[in-house]
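J.: I'd like to ask some things about the structure below.
FYI, it's all coordinate maths here, none of it is from the lab. If you're wondering where the values come from, they're calculated on a predicted model, not measured in any experiment. Note: ideal-geometry Cβ built from the backbone for every residue, glycine included; neighbour counts use all protein chains shown.
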Amino acid sequence: MVHFKKYLGNPMANSHHACQICINPKGLEELPQYIKELKKEYSCAVIISDENVFPLFGDAVIAAVNECHLRADTLILPPGEQNKNLITANFCWERLVTLGCDRNTLMIVLGGGVLTDLGGFVASTFMRGIDVIFIPTTLLGMVDAAIGGKNGINLPSGKNMIGTRYHPKLIISDPSCLESLSDHEFRSGLAEVIKYGVIDSHFFVYLEQNVSSILKRQEEKISTIIGRCSEIKTHIIEQEFQGNPQIRNILNYGHTFAHAIEGATDFKIYCHGEAVSIGMSCAALLSLKLGFVDQKFVERQDALCHKMGLPTFMSNKIPLETLMDFIKRDKKHVKGKFCLILPTELGKLSQVDHVGKEMILETLKEKQLVE
Ligand code: GLY
């Protein structure tokens with residue numbers, strides 16, 4: 001049963017901007033129907049996944065592809081953000097050539113945000129773009145990373161520095177895939193969910209009222225939060241298509257700090273969701289210092305993060321100057337001025353230009369744990 005179908009983007013624009021999102025607890029089972037509905041004569045399918053995810057769901061995807069009378073090849077990568085780089089992308093391109101893939105190859109990306117970022121990038125560049133289906137298998141992937149068309153790989157100097165904008169044909173979010181996630185991974189996805197709550201205050205209240213059933217992964221609640229996050233994100237992207245290019249920056253809430261925290265710790269201490277949670281807490285504190293929000297806002301956001309099991313402070317071992325170096329490289333900054341997405345009230349985020357370096361440093365310092 002399809003719970004939510006959303007046609008993202010302008011159907012009159014080029015076909016690379018058309019994407020349907022399906023939230024379906026039987027999504028994997030019904031994959032053959034989804035492939036057939038694309039109504040295209042594919043030459044073969046290549047499944048890109050990683051060593052952790054493929055053993056869990058790979059057979060189901062291969063069976064679905066075969067049911068569509070397509071040859072299924074696989075490209076299984078080592079897991080982890082540290083592999084989202086040019087070396088892995090190059091390995092994928094070469095392997096696609098070796099497998100005899102052509103412009104009519106269908107790529108299916110099965111995995112979390114790292115894989116949809118990397119797989120989307122490879123799909124968008126191989127032969128100048130081949131069709132791709134995303135099957136996100138993490139909460140983070142379902143609520144955020146798989147949606148929006150931005151993909152990318154990291155450079156040693158920063159996250160997602162190289163990438164393209166390219167929508168998959170289809171995103172199939174099957175909440176039953178989340179049963180295998182560790183609590184740690186599941187909670188990590190909840191940080192992005194809370195970000196959508198800060199964007200939409202009604203959703204924030206929903207989250208506050210449903211913490212325990214969300215943490216118990218009640219299927220109905222999980223489908224609701226995936227659906228709501230998908231709706232909020234697609235609505236923002238639709239506004240971008242309609243001539244509001246800045247609007248999308250609000251999705252970056254907490255991420256300038258988060259990327260700096262991840263970069264400064266070599267992606268080894270915090271998972272992305274933990275870094276986003278600390279990052280949102282930094283942004284909220286900075287906003288308080290600038291007089292945009294009150295103490296109550298900061299406490300309410302931090303409280304929801306804590307209830308969902310997420311941190312709001314970072315280690316005091318991370319050098320402030322290293323964090324600042326990463327913050328300086330954020331793509332939003334214009335002409336050397338710091339631009340940050342900050343809350344002005346629950347449900348409202350704005351891009352604030354010309355934030356002073358001292359103010360950012362002071363915030364980072366206060367958000368470090370005191371021993
Ligand atoms: N793929 C993530 C985004 O476009 O925002």
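J.: Kirkwood Rh, the chain, all Cα pairs: how many Å?
T.: Values: mean 1/r = 0.0478 Å⁻¹.
Over the chain, the inverse of the mean reciprocal pair distance is 20.9 Å.
J.: If you don't mind, there's one more thing I want to ask. With each pseudo-label sitting 7 Å past Cα toward Cβ, what's the LYS216-GLU358 distance in nm, one decimal?
T.: Modelled inter-label distance: 5.2 nm.
J.: At what distance in nm do the modelled label points of MET161 and GLU94 sit from each other, each positioned 7 Å from its Cα along Cα→Cβ?
T.: So the two model labels end up 2.2 nm from each other.
J.: Something else about it: Pull up all non-local amide H partners of TYR166: gap of 5 or more, or a different chain, and H-to-H distance under 5 Å with H placed in the peptide plane.
T.: Excluding prolines and chain starts, which carry no amide H, the hits are LYS150, ASN151.
J.: When a/c is below 1.5 the answer is rounded, else prolate if a/b is larger than b/c, else oblate, so apply that to region 54-136 with a ≥ b ≥ c taken from the square roots of the Cα gyration tensor eigenvalues.
T.: Oblate shape, in that a/c is at least 1.5 and b/c is the bigger or equal ratio.
J.: OK, next. Peptides 41-54, 66-79: what's the order by average Cβ count within 10 Å, highest mean first? All intermediate terms of the calculation are to be shown ahead of the outcome.
T.: Working: 41-54: 19.4, 66-79: 15.9.
By packing density, highest mean first, the sequence is 41-54, 66-79.
J.: Around VAL352, which amide H atoms from residues at least 5 apart in sequence, or from another chain, sit under 5 Å from its own amide H, with H modelled in the peptide plane?
T.: Residues meeting the amide H criterion: LEU340, ILE341, LEU342.
J.: Same structure again: Taking the alpha-carbon distance from LYS26 and a cut-off under 18 Å, which lysines remain once sequence neighbours fewer than 8 residues away in the same chain are dropped?
T.: LYS5, LYS6, LYS36, LYS221
J.: A follow-up question, please. Nearest 500 deg cm²/dmol is fine: what mean residue ellipticity at 222 nm does the chain get from its DSSP H runs of n ≥ 4 alone, each adding -39,500 (n - 2.57), divided by its residue count?
T.: Values: 13 runs with 161 residues, N = 371.
Helices in the chain give a 222 nm mean residue ellipticity of -13500 deg cm²/dmol.
J.: Then there's this: Show me, for region 236-250, the HN-Hα J-couplings you get by feeding each phi into the Karplus relation (A = 6.51, B = -1.76, C = 1.60, θ = phi - 60°), rounded to Hz, glycine and proline as x.
T.: Ordered by residue, 3J(HN,Hα) equals 5, 5, 4, 5, 4, 4, 8, x, 10, x, 6, 4, 5, 4, 5 Hz.
J.: I want to verify a result. In a Gaussian network model of the chain, Cα cutoff 10 Å, which of these has the top mean-square fluctuation: LYS332, LYS39, LYS84?
T.: Among LYS332, LYS39, LYS84, the largest mean-square fluctuation in the Gaussian network model of the chain belongs to LYS39.
J.: Mind scanning LYS296/LYS331; LYS331/LYS367; LYS268/LYS365 and naming the pairs with a C-alpha gap bigger than 26 Å?
T.: Details: LYS296/LYS331 31 Å; LYS331/LYS367 23 Å; LYS268/LYS365 21 Å.
Result: LYS296/LYS331 exceed 26 Å.
J.: Quick one: Karplus J couplings for region 126-142, per residue in order, coefficients 6.51, -1.76, 1.60, θ = phi - 60°, nearest Hz, x for Gly and Pro?
T.: Ordered by residue, 3J(HN,Hα) equals 5, 6, 6, x, 10, 5, 9, 10, 9, 10, x, 10, 10, 4, 4, x, 5 Hz.
J.: Give me the lysines in straight-line cross-link reach of LYS216: C-alpha distance below 17 Å, same-chain residues under 8 apart excluded.
T.: Leaving aside lysines fewer than 8 places away in the same chain, those within reach of LYS216 are LYS307.
J.: For a quick protection proxy, order the peptides 248-254, 114-120 by their average other-Cβ count within 10 Å, most packed first. Don't skip to the answer; put the middle values down first.
T.: Details: 248-254: 21.4, 114-120: 27.1.
Highest mean packing first, the order is 114-120, 248-254.
J.: If contacts are Cα pairs under 8 angstrom and at least 6 residues apart, what is the relative contact order of region 226-276 in percent?
T.: 24 percent
J.: Enumerate the calculated ³J(HN,Hα) couplings along region 347-354 in order (Karplus 6.51 cos²θ - 1.76 cosθ + 1.60, θ = phi - 60°), each rounded to whole Hz, writing x wherever the residue is Gly or Pro.
T.: Ordered by residue, 3J(HN,Hα) equals x, 9, 10, 9, 7, 10, 8, 6 Hz.
J.: Could you rank the peptides 227-240, 205-218 by their average count of other C-beta atoms within 10 Å per residue, with the highest value first? Don't skip to the end; give the middle numbers.
T.: Numbers: 227-240: 19.1, 205-218: 14.6.
Packing proxy ranking, top to bottom: 227-240, 205-218.
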